[in-house]
């Protein structure tokens, strides 16, 4: 399976890099391409993994890609993404993008990965160590199942991340916002 990883360069989301390290046949896009070039890459890959910061409207480019709006992944690419059932969407509110565009895959809802996001979600104040543990363990867990179909990824991530969530408020919040369809 040829996998395309779209993960805009951003120090605040580098904790997600381990997710795709063990994938053998992959192309990684972190910056520099236009949206048309990204679309061309999507069309020639079997599975697309998209990671970073985003909103219900898509995955933010964070100034790393050449596009006419803040998004490197948005509705203009939904038709191409809909051709693939095993995609992975990991960004805040990816669930709304996936569901509104009738896409398939493994995906997250609002995913707290920074202190400001915890405040935004009105969670109790936590130490950065708690957020780092949630982030790092989530990435480690997803990475350990990344070479499987979405149903196996989903089931095992829920089971393994639950262990962290039992003692980590942020992981507990995020655990309730992991989906597949």
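Kindly list the number of the only condition in (1) in contact with a helix residue (DSSP H, G or I) (Cβ under 8 Å, 6 or more places away or on another chain); (2) without any contact (Cβ under 8 Å) to a residue 24 or more places away in the chain; (3) farther than 19 Å from residue 13 by Cβ that fails for residue 163.
(1)
Residue by residue through the stretch 166-181, note down the ones that are without any contact (Cβ under 8 Å) to a residue 40 or more places away in the chain, assigned to a loop (DSSP other than H, G, I, E, B) and either in contact with a strand residue (DSSP E or B) (Cβ under 8 Å, 6 or more places away or on another chain) or surrounded by 16 or more Cβ atoms within 10 Å (Cβ to Cβ) (or both).
168 - this is the single residue of the stretch 166-181 that is without any contact (Cβ under 8 Å) to a residue 40 or more places away in the chain, assigned to a loop (DSSP other than H, G, I, E, B) and either in contact with a strand residue (DSSP E or B) (Cβ under 8 Å, 6 or more places away or on another chain) or surrounded by 16 or more Cβ atoms within 10 Å (Cβ to Cβ) (or both).
Yes/no per residue for (1) within 26 Å of residue 137 (Cα to Cα); (2) free of Cβ contacts under 8 Å to residues at least 40 places away in the same chain:
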residue	(1), (2)
26	yes, yes
30	yes, yes
44	no, no
52	yes, no
59	yes, no
64	no, no
68	no, yes
72	no, no
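Tell me yes or no: at least one residue of the stretch 10-20 is out of contact with any helix residue (DSSP H, G or I) (no Cβ under 8 Å at 6 or more places or on another chain), surrounded by fewer than 17 Cβ atoms within 10 Å (Cβ to Cβ), part of a loop (DSSP other than H, G, I, E, B) and at pLDDT 95 or above.
For the stretch 10-20, residues out of contact with any helix residue (DSSP H, G or I) (no Cβ under 8 Å at 6 or more places or on another chain), surrounded by fewer than 17 Cβ atoms within 10 Å (Cβ to Cβ), part of a loop (DSSP other than H, G, I, E, B) and at pLDDT 95 or above: absent.
In the stretch 115-157, what residues are in contact with a helix residue (DSSP H, G or I) (Cβ under 8 Å, 6 or more places away or on another chain), within 17 Å of residue 17 (Cα to Cα) and either outside any helix (DSSP H, G or I) or without any contact (Cβ under 8 Å) to a residue 12 or more places away in the chain (or both)?
146
Is it fair to say residue 112 is in contact (Cβ under 8 Å) with a residue 12 or more places away in the chain, within 16 Å of the chain's Cα centre (by Cα) and either closer than 18 Å to residue 51 by Cβ or outside any strand (DSSP E or B) (or both)?
Judged against the criteria, residue 112 is a match.
Going through the stretch 39-56 one residue at a time, which ones are over 15 Å from residue 90 (Cβ atoms) and touching a strand residue (DSSP E or B) at 6+ places or on another chain (Cβ under 6 Å)?
Within the stretch 39-56, 41, 42, 45 meet the criteria.
The values are calculated or read from the model by the stated rules, or taken from the named source; none is laboratory data. Computed from a predicted structure; not experimentally measured. Neighbour counts are summed over all protein chains in view; Cβ atoms, including those assigned to glycine, are modelled from backbone coordinates with ideal geometry.
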